[in-house]
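A quick write-up on the structure given underneath.
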Amino acid sequence: MTDRELKTLKDNLWHAADVLRSGAHLAANKYGQPILGLIFLRYADILFKQHKDEIDAEYTKRLGTRMEKTSKEIAVEKCGFFLPECAYYDFINDAPDTAEKADLVKKAMEAIERENPKMEGVLPKEVYAQLVPEEEPELLSNIVRIFKDIPENCTVDIFGEIYEYFLGNFALAEGKDGGTFYTPATVVRYMVEVLDPQPGDKKFLDPACGSGGMFVQAARYMHAHNANEAEQMKFRCYGVEKEPDTVKLAKMNLLLNNVRGDITEANSFYSDPYNAFGAFDYVMANPPFNVDEVSFDRVSGDARFNTYGVPRNSTKSAKKASDKKETVPNANYLWIGYFATALNEHGKAALVMANSASDAGKSEHEIRKKMIEEGIISQMVTLPSNMFSSVTLPATLWFFDKHKPQTEKKDEILFIDARNTFTQVDRAHRKFSDEQIKNLGIITRLYQGDTEAYAALLVEYREALAAAPEAAEDKETKTKAYWQAQIDWLTERFPDGEYRDVIGLCKAAKLDGEDGIIDQDYSLNAGRYVGVVIEDDGMTEAQFKETMLGLNAEFESLNDEAK
């Protein structure tokens, strides 16, 4: 299946399912569960069918010998699970379009969980009764029929992409609430590009894992970089998520993407199910910002949080609140401290954080100062605004590297201002294109001295340029002008194929010296270091004044009209 065919399939599936949303007796934020459950059911059916002949042949071969095994045992070995006949998609799809269809789906989900203990409690069941309203009992049948359109030859990668696509669209539909379980895929892909996770016997933690997108994108990155399958299978993911329904979404996501790992329902502030301190090779998350009701007493004695310091209210504020239990004024730095302490001696981390944390004062300033002086913060990236469904302002990506203090880069941090690098999705949302992810990612590679990656990317773009049409009616088709723009972007900024500071884009800032990190009071705001490009508009001072006064008059006129 080509990229364009996959995009068309995803769009068609979403459009059909979304049209049916108005008929269901479900709140908007509950509609995703049964839909994602049906995607999983279709995935299980197709994958099991693809292995069925192999399973039957193996069963017949062993029958009556000392090596005899049940069909179920062989199925688990071949495709990871056993699918009972009552869960075959055709069995459900071909049943009458009545309210009994909901019972059939429920029994199918129960049977899958019963036959496969690792899926226990994961699949939606009771909710399907709400998709057969009295006025439209065939609604569930119509939805089931939609996913029958997924081709029988689909691979696990395609199902994973369909699942992630639906997660993203449900998050957009739910607005702010959707941001609690889903981080936009292109942001995660950029984080993974910088983190560069390597396969093997490695452990990966996400302490606020939502629906598991960090794990999925890390697995896809390794797969895309030709990771040995046996080595990739050793890579284990460990997630913590406090919302029960989201835990189920994450477990289905891992199963659909063939990612090995565990998801635990817990609150990361008060629970440490994986003994995280110093234990992980990689940590990634998009934790909730600005949480202010975390109990100080419950986290102050925990090494995950107190190694660099726990944020506290000022003495005056604490006295005013002496009649109640003290809480951490803002949990942003609890998350930041947790990330730093969960890493082993060679561990790397990436997290999404509110912009305000980069310059936070008082106790948070002291925590940040310790981390900077220790040398574990490797990179800071300011994102464009409107990249998330839950917040419109720009967020910042923090990157940690526990090995960095042992290198010559201990006393410097790479700052990237990516606020002007984005692709507009619609009026309210932006994303990174594939090439924008590669272009931003190559800055990190060059900074690390990897000039070969830069040369390889230029070759990739030049080959695409040679194969591209001059123009195209289809918006998805990339023309020669597009690929030339990518080549120009790289060669204009890094003409020698080596890292250099670029005004308005990137800066490797030292701790010491004029305008260094210490001179900037340990701020981690990229804008303070990267600077801005001031373009000459060709106006005289008088012309500029006249233009600004004219714009101001027009603005006042528009305000009056709006009133």
Self-check item: Checking residue 513 against (1) open to solvent by less than 70 Å² (accessible area, probe 1.4 Å); (2) within 30 Å of residue 405 (Cβ to Cβ); (3) outside any loop (DSSP other than H, G, I, E, B), the condition it does not meet
Solution: (3)
Quiz item: Only one residue in 41, 83, 36 is assigned to a helix (DSSP H, G or I), at pLDDT 90 or above and within 30 Å of residue 264 (Cβ to Cβ). Which one?
Solution: 41
Self-check item: Residue ID - farthest from residue 380 (Cα to Cα), chosen from residues in the range 396-444 that are touching a strand residue (DSSP E or B) at 6+ places or on another chain (Cβ under 6 Å) and part of a helix (DSSP H, G or I)
Solution: 404
Practice problem: Please specify each residue of the range 104-126 satisfying the condition of being free of Cβ contacts under 8 Å to residues at least 12 places away in the same chain and surrounded by 14 or more Cβ atoms within 10 Å (Cβ to Cβ). | Solution: 113
Exercise. Exactly one condition in (1) open to solvent by less than 10 Å² (accessible area, probe 1.4 Å); (2) assigned to a loop (DSSP other than H, G, I, E, B); (3) modelled with pLDDT under 85 is not met by residue 160; state its number.
Key: (2)
Quiz item: Does residue 53 satisfy the criteria of being farther than 29 Å from residue 245 by Cβ and among the charged types (D, E, K, R)?
Solution: yes
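Can you go through 265, 241 and tell me which one is in contact with a Pro (Cβ under 8 Å, 6 or more places away or on another chain), of a type in the set (Asp, Glu) and buried (at least 17 other Cβ atoms within 10 Å of the Cβ)? Talk me through it step by step, then tell me what you get.
Values: 241 fails: in contact with a Pro (Cβ under 8 Å, 6 or more places away or on another chain).
After ruling out the rest, the residue left standing is 265.
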Quiz item: Of the numbered conditions (1) over 17 Å from the mean Cα position of the chain (by Cα); (2) part of a strand (DSSP E or B); (3) aliphatic (A, V, I, L, M), residue 263 satisfies every one except a single condition; which is it?
Solution: (1)
Quiz item: Mind checking whether some residue in the range 466-484 is among the hydroxyl-bearing types (Ser, Thr, Tyr) and surrounded by 18 or more Cβ atoms within 10 Å (Cβ to Cβ)?
Solution: no
Self-check item: Qualifying positions in the range 516-533 - outside any helix (DSSP H, G or I) and modelled with pLDDT of 85 or more
Solution: 516, 517, 518, 519, 520, 521, 522, 523, 524, 525, 531
Quiz item: Does any residue of the range 172-186 turn out to be touching a strand residue (DSSP E or B) at 6+ places or on another chain (Cβ under 8 Å), in a helix (DSSP H, G or I), hydroxyl-bearing (Ser, Thr, Tyr) and under 30 Å from residue 376 (Cβ atoms)?
Solution: yes
Quiz item: What single numbered condition from (1) modelled with pLDDT of 95 or more; (2) open to solvent by less than 70 Å² (accessible area, probe 1.4 Å); (3) closer than 18 Å to residue 440 by Cβ; (4) not β-branched (Val, Ile, Thr) fails to hold for residue 498?
Solution: (2)
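Collect the residues in the range 522-542 that are open to solvent by 90 Å² or more (accessible area, probe 1.4 Å) and of a type outside the set (Val, Ile, Thr), keeping them in residue-number order. Spell out how you get there, then give the answer.
Taking the range 522-542 first, the residues open to solvent by 90 Å² or more (accessible area, probe 1.4 Å) are 528, 532-537, 541.
528, 535, 536, 537, 541, listed by residue number.
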Practice problem: Could you grab the pairs with beta carbons closer than 7 Å, sequence gap of 6+ or different chains, first residue in the range 229-255 and closer than 8 Å to residue 210 by Cα and in a strand (DSSP E or B), second one open to solvent by 60 Å² or more (accessible area, probe 1.4 Å) and not hydroxyl-bearing (Ser, Thr, Tyr)? | Solution: 241/265
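This table checks each residue for (1) closer than 21 Å to residue 406 by Cα; (2) out of contact with any Phe, Trp or Tyr (no Cβ under 7 Å at 6 or more places or on another chain); (3) at pLDDT 95 or above.
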{"site": "285", "(1), (2), (3)": "no, yes, no"}
{"site": "295", "(1), (2), (3)": "no, yes, no"}
{"site": "304", "(1), (2), (3)": "no, no, yes"}
{"site": "314", "(1), (2), (3)": "no, yes, no"}
{"site": "321", "(1), (2), (3)": "no, yes, no"}
{"site": "327", "(1), (2), (3)": "no, no, no"}
{"site": "354", "(1), (2), (3)": "no, no, no"}
Quiz item: Which condition number does residue 93 fail, the rest of (1) open to solvent by 50 Å² or more (accessible area, probe 1.4 Å); (2) within 21 Å of residue 256 (Cβ to Cβ) being met?
Solution: (1)
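Considering only residues of the range 220-232 that are surrounded by 13 or more Cβ atoms within 10 Å (Cβ to Cβ) and more than 18 Å from residue 283 (Cα to Cα), which is modelled with the highest pLDDT?
Taking the range 220-232 first, the residues surrounded by 13 or more Cβ atoms within 10 Å (Cβ to Cβ) are 220-223, 227, 231-232.
Now narrow it down to the ones that are more than 18 Å from residue 283 (Cα to Cα): 223, 227, 231.
Working: 223: 85, 227: 66, 231: 76.
Result: 223.
Can you confirm whether residue 52 is of a type in the set (D, E, K, R) and either touching a residue at least 60 places away in the same chain (Cβ under 8 Å) or more than 22 Å from residue 150 (Cα to Cα) (or both)? Step through it out loud before you land on a result.
Values: of a type in the set (D, E, K, R): yes; either touching a residue at least 60 places away in the same chain (Cβ under 8 Å) or more than 22 Å from residue 150 (Cα to Cα) (or both): no.
Taking the combined requirement at face value, the residue does not satisfy it.
Does residue 376 meet the test of being open to solvent by less than 30 Å² (accessible area, probe 1.4 Å), out of contact with any Lys or Arg (no Cβ under 7 Å at 6 or more places or on another chain) and closer than 27 Å to residue 514 by Cβ?
Working: open to solvent by less than 30 Å² (accessible area, probe 1.4 Å): yes; out of contact with any Lys or Arg (no Cβ under 7 Å at 6 or more places or on another chain): no; closer than 27 Å to residue 514 by Cβ: yes.
It is false that residue 376 is open to solvent by less than 30 Å² (accessible area, probe 1.4 Å), out of contact with any Lys or Arg (no Cβ under 7 Å at 6 or more places or on another chain) and closer than 27 Å to residue 514 by Cβ.
Could you pull out the residue among 52, 72, 78, 61 that is surrounded by 17 or more Cβ atoms within 10 Å (Cβ to Cβ), among the basic types (Lys, Arg) and assigned to a helix (DSSP H, G or I)? Spell out how you get there, then give the answer.
On the way: 52 fails: surrounded by 17 or more Cβ atoms within 10 Å (Cβ to Cβ); 72 fails: surrounded by 17 or more Cβ atoms within 10 Å (Cβ to Cβ); 61 fails: surrounded by 17 or more Cβ atoms within 10 Å (Cβ to Cβ).
From the options 52, 72, 78, 61, the qualifying one is 78.
Considering only residues of the range 391-415 that are among the aliphatic types (A, V, I, L, M) and modelled with pLDDT of 95 or more, which is nearest to residue 368 (Cα to Cα)?
My answer is 413.
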Self-check item: Residue selected from the range 195-219 under the condition open to solvent by less than 10 Å² (accessible area, probe 1.4 Å) and assigned to a helix (DSSP H, G or I), by the criterion nearest to residue 430 (Cα to Cα)
Solution: 214
Quiz prompt | Tabulated pairs, the range 190-213, first hydroxyl-bearing (Ser, Thr, Tyr), second assigned to a loop (DSSP other than H, G, I, E, B), C-beta under 7 angstrom, 6+ apart or interchain | solution = 190/432; 211/181; 211/182
Quiz item: If you scan the range 485-495, which residues turn out to be assigned to a loop (DSSP other than H, G, I, E, B) and surrounded by 14 or more Cβ atoms within 10 Å (Cβ to Cβ)?
Solution: 494
Quiz item: Considering only residues of the range 423-450 that are open to solvent by 60 Å² or more (accessible area, probe 1.4 Å) and over 19 Å from the mean Cα position of the chain (by Cα), which is farthest from residue 195 (Cα to Cα)?
Solution: 427
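With the condition kept exactly as written, say whether any residue in the range 534-555 is in contact (Cβ under 8 Å) with a residue 24 or more places away in the chain, assigned to a loop (DSSP other than H, G, I, E, B) and aliphatic (A, V, I, L, M). Quick ask: steps written out before the conclusion?
Of the residues in the range 534-555, the ones in contact (Cβ under 8 Å) with a residue 24 or more places away in the chain are none.
Checked against the condition, which is being in contact (Cβ under 8 Å) with a residue 24 or more places away in the chain, assigned to a loop (DSSP other than H, G, I, E, B) and aliphatic (A, V, I, L, M), the range 534-555 yields no hits at all.
The values are calculated or read from the model by the stated rules, or taken from the named source; none is laboratory data. Keep in mind that what you see is a predicted model, and the values were worked out from it rather than measured. As a convention, Cβ positions derive from the backbone with ideal geometry for all residues, glycine included, and neighbour counts pool all protein chains shown. Heavy atoms of the whole protein, side chains included, go into the accessibility calculation; ligands, DNA and RNA do not. Shrake-Rupley method; radii C 1.70, N 1.55, O 1.52, S 1.80 Å.
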